[in-house]
Amino acid sequence: MFDFQNAEIPQGGTPNLQPGIHNVKVESITNGLSQNTQAPFLEITVVDSNNAKLNNRYYLNTVIGEGKQKSAWDISKNAILSIVASCLSVTADEAKAKLPAAKSAEDMAVKLSALLVGKEMKLKVIGEEKIANSGTKYVNTSFGQGVFVES
């Protein structure tokens, strides 16, 4: 006999933040190397009050690629500074003063973790519709561009 007395609705993994404006808390800051180019990065993970998470990578490569005008670090440092200023509710100059130079990606992750983990900010999450290899559509979310955080 087939019955549903012991059936359960499967619970998915941790939900991702959807596009929009969210009040989030910095959960962790880690470092690593990209698979293809072995470029160093920082990964900042945030979580909202419903335990929905989102992480974003900031690449630290200082080499300016062919045909480019800026390195990955030139772009990432502005975004990281914005996050620090927003989380600490300080100006850009005050945030810079709290950010000592780091010798490596690992060192930077440790220093930023001490400053930011547990701190809150308002984050703009953007989404881009993509098509998986299987043909299914999904929305890839990430931290917004430009002015994307505030205290």
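The values are calculated or read from the model by the stated rules, or taken from the named source; none is laboratory data. This is a predicted model, so every value here is computed, not measured. Glycine gets a Cβ as well: all are built from the backbone with ideal geometry, and neighbour counts include every protein chain shown. For the accessible areas, the whole protein counts, side chains as well, though only heavy atoms, and no ligand, DNA or RNA atoms are used. Shrake-Rupley method; radii C 1.70, N 1.55, O 1.52, S 1.80 Å.
For the reader, a short list of remarks on this structure follows.
- Between the range 18-49 and the range 100-116, the Cα center-to-center distance that results, in Å: 14 Å
- Residues in the chain average 68 Å² of solvent-accessible surface per residue, probe 1.4 Å, ligands and nucleic acids excluded.
- Rounded to the nearest 20, the size of the Cβ-charge dipole of the chain about its Cα centre is 420 debye, with Lys and Arg at +1 and Asp and Glu at -1.
- Residues N51 and F4, FRET efficiency given R0 of 35 Å [Cβ-Cβ distance, rounded to 0.05]: 0.80
- Think of the chain as a dipole: +1 on every Lys or Arg Cβ, -1 on every Asp or Glu Cβ, centred on the Cα centre; then among Q5, V84, T136, V84 lies furthest on the positive end.
- Convex hull volume per residue, computed on the Cα atoms of the range 12-149, equals 138 Å³.
- Between A101 and N23, the C-beta separation translates, for a Förster distance of 30 Å, into a calculated FRET efficiency of about 0.45.
- Evaluating 6.51 cos²θ - 1.76 cosθ + 1.60 at θ = phi - 60° for every residue in the range 106-118, the Karplus couplings come out as 5, 4, 5, 4, 5, 5, 5, 4, 4, 7, 10, 4, x Hz, glycine and proline recorded as x.
- Set of lysines near K103 by C-alpha distance (under 23 Å), chain-local residues within fewer than 8 positions excluded: K70, K77, K111
- Of all accessible heavy-atom area on the range 78-140, the percent that carbon and sulfur account for (1.4 Å): 49 percent
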